[in-house]
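Step one of this worksheet: look at the structure below.
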């Protein structure tokens with residue numbers, strides 16, 4: 001039976017059934033985090049005899065590989081039906097499933113644009129010591145067909161997020177932890193919750209404000225949370241009532257963006273600062289330490305301010321727009337500027353702190 005399309009809504013049920021009931025060619029972007037079919041055999045224990053909170057949920061269990069392939073083919077076919085002719089899809093997986101998923105996607109007519117490697121800066125150790133630590137997952141980014149001419153890729157926004165260097169397909173992002181991790185009675189609400197930083201990059205790269213982003217395996221609502229923060233609409237599909245309850249509560253706490261759509265659009269331990277890995281300014285946005293629309297204050301003259309924009313650029317009062325370094329040089333009338341040291345942000349009490357303090361916070365959590 002056909003379903004009416006509701007934006008910013010979670011549909012309860014099996015994604016294959018819900019997708020086939022939604023209007024065809026109705027969504028701009030799909031992000032899918034399907035079951036990985038991890039095929040775990042028995043419990044996992046750390047050397048200190050504490051049990052690993054492994055993925056042993058019923059939704060990740062299939063009778064055999066042909067059953068998993070059939071499930072994958074069905075939900076991907078349904079996704080392709082609801083995706084607009086200008087849309088794209090991202091699917092994330094591990095070595096357990098991503099090669100099978102990729103083959104099926106190509107068989108169905110999807111055309112690969114990129115495979116992106118999410119490199120986890122803080123992966124779960126390999127406790128048994130019998131193989132390499134699994135420190136990455138793979139995202140497949142595809143358009144609907146080889147003949148598709150138009151799709152959204154905000155290249156300049158990605159370059160801006162990467163401190164004005166072309167963004168590569170290896171993304172160093174920590175796994176979900178801390179306050180972002182959704183919990184129920186102190187325990188993880190979902191065993192495979194993805195970090196918002198990962199979805200921030202995906203959604204900003206391949207959609208525009210007011211676009212409709214669909215997640216057929218919505219879980220605790222990370223896709224919807226980031227879509228809402230970036231001024232996109234979302235549709236979630238989830239069959240587990242407990243996840244839906246957590247997602248609804250999470251989404252209810254997220255306000256609409258405080259900036260106009262134009263500003264949402266895009267046209268470890270280290271011995272020294274010099275040897276520390278580079279942290280793009282946009283990482284502060286990805287990890288929720290800054291938000292689009294927040295005000296920065298120039299060190300030498302706090303009356304001179306800049307507005308943080310969604311792609312990691314900042315805008316001065318006169319409308320000039322660029323990186324924190326370039327705009328700092330403009331205000332300071334100098335050939336160069338270290339924006340990390342010259343721009344300050346106010347805390348809840350109104351006290352100003354340098355952006356560099358936030359950068360060190362990111363490094364300390366990696």
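Got a sec? How would 318, 115, 356 order by Cβ neighbour count within 10 Å, fewest to most? Walk me through the numbers before you get to the answer.
On the way: 318 7, 115 13, 356 17.
Going from least to most buried by this count: 318, 115, 356.
Whole number please: convex hull volume per residue, Cα atoms of region 61-112, in Å³. Mind showing how you got there, number by number?
Numbers: hull volume 4.2 nm³, N = 52.
So the per-residue hull volume is 80 Å³.
Over region 97-176, what portion of Cα pair distances is larger than 22 Å, expressed as a whole percent? Please list the in-between numbers first.
Numbers: 1364 of 3160 pairs.
Of all Cα-Cα pairs in region 97-176, 43 percent lie more than 22 Å apart.
Going by how many other beta carbons lie within 10 Å of each one, how would you line up 8, 263, fewest first? Numbers along the way, then the final one.
Numbers: 8 14, 263 21.
Least crowded to most crowded, the residues run 8, 263.
Tell me, in nm to one decimal, what length is gained between residue 191 and residue 94 on full extension, where the rule is 0.36 nm per residue of separation less the Cα-Cα distance?
Details: separation 97, 0.36 × 97 = 34.92 nm, distance 1.45 nm.
Going from the current span to full extension adds 33.5 nm.
Could you tell me the distance between the Cα centroids of region 292-350 and region 98-132, to the nearest Å?
Using only Cα atoms, the two centres lie 38 Å from each other.
What's the exposure ranking of 10, 203, going from fewest to most Cβ atoms within 10 Å? Could the numbers behind the result be given before it?
On the way: 10 20, 203 25.
Placing the least packed residue first, the sequence is 10, 203.
How much length is gained if the chain between residue 67 and residue 7 is pulled fully straight, taking 0.36 nm per residue apart and subtracting their Cα-Cα distance, in nm to one decimal? All intermediate terms of the calculation are to be shown ahead of the outcome.
Numbers: separation 60, 0.36 × 60 = 21.60 nm, distance 3.19 nm.
Length gained, residue 67 through residue 7: 18.4 nm.
Which whole-percent values make up P(r) of region 282-365 when all C-alpha to C-alpha distances are grouped in 5 Å steps starting at zero?
Using 5 Å bins, I get a P(r) of 3, 16, 28, 28, 17, 6, 1, 0 for region 282-365.
Each value in this text was obtained by applying a stated rule to the coordinates, not by laboratory testing. The model shown is predicted, which means the values in this text are computed figures rather than measured ones. Positions of Cβ are generated from backbone atoms using ideal geometry, with glycine treated the same way; all protein chains shown enter the neighbour counts.
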